[in-house]
Amino acid sequence: MDYILKYFPELTEKQCQQMAQLEALYPEWNAKINVISRKDIDNLEVNHLLHSLGIVKFVKFTPGTRVMDLGTGGGLPGIPLAIYYPDVTFHLVDRIGKKLKVAQDIAEHIGLKNVTFQHGDVKEVKGKFDFVVSRAVMDLGELVPLVKRFIDGEDRNSVPNGLICLKGGDLTGEVQKYKNQVLIDELSSYFKEDFFKTKIILYLPL
């Protein structure tokens, strides 16, 4: 919890307890179902939980905001974000049932009430959202056509409704088609750990 508290000292006692529970539950589950690389599970707090919370540094969701986490896997970034934003609703979607089961169990274990889950393809999802978030799921060119239809509603946050992706590496080719619309925010401007030197938030209003 040291790193999370370093950057998010405003967390309540309940939120701190829930974040601490994640640090215990993910390694337990990961020993049974590989939702995080086994080589990387020791870096859970920085490389996965803090990374997920990078979205908080980019945009402060207002109460009532609706967010879909597409390709959530074991619940990242959706579960850490749902802890931080108890008044925001999160719909976590993944095609791999056993990974989604991990996310569901963890959310239930820590008492999250603002998350729902859907096992299946994005084409089966119904409903409208203010934002779609994803963490290294697919190329932007494939992702945008899939999620465009979900974005709806009045803009009530610090940025217009749209797509927020956590990504890393060279994105030159990937953003070419959307270069006049896309906004890239470097996570190294918020977090000083080496892991974040190549990590960015990619935002596209839709």
Inter-residue pairs, beta-carbon under 6 Å, first without any contact (Cβ under 8 Å) to a residue 24 or more places away in the chain and in the stretch 110-130, second buried (at least 18 other Cβ atoms within 10 Å of the Cβ) and of a type in the set (S, T, N, Q), 6+ apart: none
Residue in the stretch 81-92 that is touching a His at 6+ places or on another chain (Cβ under 9 Å) and under 18 Å from L49 (Cβ atoms) present: no
Which numbered condition G127 misses (of (1) touching a Pro at 6+ places or on another chain (Cβ under 6 Å); (2) closer than 15 Å to M68 by Cα): (1)
Residue within the stretch 101-119 that is of a type in the set (S, T, Y), surrounded by 13 or more Cβ atoms within 10 Å (Cβ to Cβ) and within 22 Å of F58 (Cβ to Cβ) present: no
Which listed residue, of I184, I164, is within 22 Å of F90 (Cβ to Cβ) and part of a strand (DSSP E or B): I164
Given (1) within 22 Å of I36 (Cα to Cα); (2) out of contact with any Phe, Trp or Tyr (no Cβ under 6 Å at 6 or more places or on another chain); (3) modelled with pLDDT of 95 or more; (4) not charged (D, E, K, R), number of the condition L163 does not satisfy: (1)
Among the candidates E142, E186, residue that is touching a strand residue (DSSP E or B) at 6+ places or on another chain (Cβ under 7 Å), of a type outside the set (V, I, T), free of Cβ contacts under 8 Å to residues at least 40 places away in the same chain and surrounded by fewer than 20 Cβ atoms within 10 Å (Cβ to Cβ): E186
Residue within the stretch 20-41 that is closer than 30 Å to D155 by Cβ and within 15 Å of the chain's Cα centre (by Cα) present: no
Residue satisfying all of: in the stretch 26-49; in contact with an Asp or Glu (Cβ under 8 Å, 6 or more places away or on another chain) and of a type outside the set (V, I, T); nearest to I83 (Cα to Cα) among these: L49
Residue, surrounded by the fewest Cβ atoms within 10 Å (Cβ to Cβ), within the stretch 167-181, restricted to residues that are in contact with a strand residue (DSSP E or B) (Cβ under 8 Å, 6 or more places away or on another chain) and assigned to a loop (DSSP other than H, G, I, E, B): Q181
Listing of helices (runs of 4 or more DSSP H) fully contained in the stretch 1-79 that carry 1 or more residues being farther than 21 Å from L187 by Cα and either at pLDDT below 95 or of a type outside the set (A, V, I, L, M) (or both): 13-30
Residue within the stretch 45-59 that is within 28 Å of V182 (Cβ to Cβ), buried (at least 20 other Cβ atoms within 10 Å of the Cβ) and aromatic (F, W, Y) present: no
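The values are calculated or read from the model by the stated rules, or taken from the named source; none is laboratory data. The structure displayed is predicted, hence computed values, not measured ones. Cβ sites come from the backbone with ideal geometry, for glycine too, and all protein chains shown count toward neighbours.
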